[in-house]
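The values are calculated or read from the model by the stated rules, or taken from the named source; none is laboratory data. Small disclaimer: the values here were computed from a predicted structure and weren't measured. FYI the Cβ positions are ideal-geometry reconstructions off the backbone, even for glycines, and counts take in every protein chain you see. Side chains are part of the model used for accessible areas, which takes the heavy atoms of the whole protein and leaves out ligands, DNA and RNA. Shrake-Rupley method; radii C 1.70, N 1.55, O 1.52, S 1.80 Å.
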Amino acid sequence: MAELTVDLTYGTALYEAAKETGKEQLILDEGLQILDIIEKEEDLHLFIKFPTIAAEEKKKVISSVFEGKICTELLNFLYVLIDKRRIAHIKGIMKVYKDLCDKEDGVSYGTVVSVEALSPERLAQVEDETSRLLQTKVRLTNELDPDLIGGVKVLINGKMIDASLRKKFDDMASELAAR
């Protein structure tokens, strides 16, 4: 629970600061790149998380890796996280930040369930159709369910759009049973 509070507090603070400077997208892009680097470089990941390493030493390393490659505001934010011993929360903080950016942009996330994996083009088409239907920007991930037989189900914001063959067969069976 405390981790969620830390993530929410710092993620919101970063978002508000980015909004004041008009750098929301820049900080999002750079923050996600930082996460990618930290996850790929195991030594860096362990170094910044290790609690007994002095903050000044961590700042020197962060500076040597990121200075001149990311905006000053984000670099200073990393320094604050180090000083406050919150740098280990960077992944959760960036998730909160991204969620706030998406909320501001009106983006909703959901799932499209299909029998086979959708091509990127087909997934984009389903996103566009769902966006028009729900009147909001929609980003979907694809999950597989062989029981559908064909068609798709879209699950987003507690709503389900069922355009599967299984649903059509179930509807026909209900109609026939009612006669």
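Tabulated results
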item	result
Any hit, segment 37-49, residues being in contact (Cβ under 8 Å) with a residue 40 or more places away in the chain, part of a helix (DSSP H, G or I) and within 30 Å of T130 (Cα to Cα)	no
Filter result (under 16 Å from F50 (Cβ atoms), out of contact with any Lys or Arg (no Cβ under 6 Å at 6 or more places or on another chain) and assigned to a helix (DSSP H, G or I)) within segment 80-90	L81, D83, I87, H89, I90
Residues being part of a strand (DSSP E or B) and either open to solvent by 80 Å² or more (accessible area, probe 1.4 Å) or farther than 23 Å from T136 by Cα (or both) - total across segment 159-175	2
Filtered residues of segment 110-138 (kept if among the small types (G, A, S) and part of a helix (DSSP H, G or I))	A124, S131
Per-region count, segment 50-75, residues more than 23 Å from the chain's Cα centre (by Cα) and in a helix (DSSP H, G or I)	12
Hits in segment 137-158 - residues which are surrounded by 14 or more Cβ atoms within 10 Å (Cβ to Cβ) and either at pLDDT 90 or above or closer than 21 Å to D99 by Cα (or both)	K137, V138, R139, L140, N142, V154, L155, I156
Qualifying residue in segment 139-158 (condition: closer than 26 Å to Y10 by Cα and either in a strand (DSSP E or B) or not polar (S, T, N, Q) (or both))	yes
Test result for L134, modelled with pLDDT of 90 or more and among the hydrophobic types (A, V, I, L, M, F, W, C)	no
Residue in segment 86-93 that is under 22 Å from V107 (Cβ atoms) and not hydrophobic (A, V, I, L, M, F, W, C) present	yes
Neighbours by Cβ (under 7 Å, 6+ apart or cross-chain): first from segment 130-141, on the phi < 0 side of the Ramachandran plot; second outside any strand (DSSP E or B) and among the acidic types (D, E)	K137/D105; V138/E127; R139/E127; L140/E127
Flag for Y15 being aromatic (F, W, Y), closer than 16 Å to Y97 by Cα and open to solvent by less than 90 Å² (accessible area, probe 1.4 Å)	yes
Flag for K95 being part of a helix (DSSP H, G or I), within 21 Å of the chain's Cα centre (by Cα) and on the phi < 0 side of the Ramachandran plot	yes
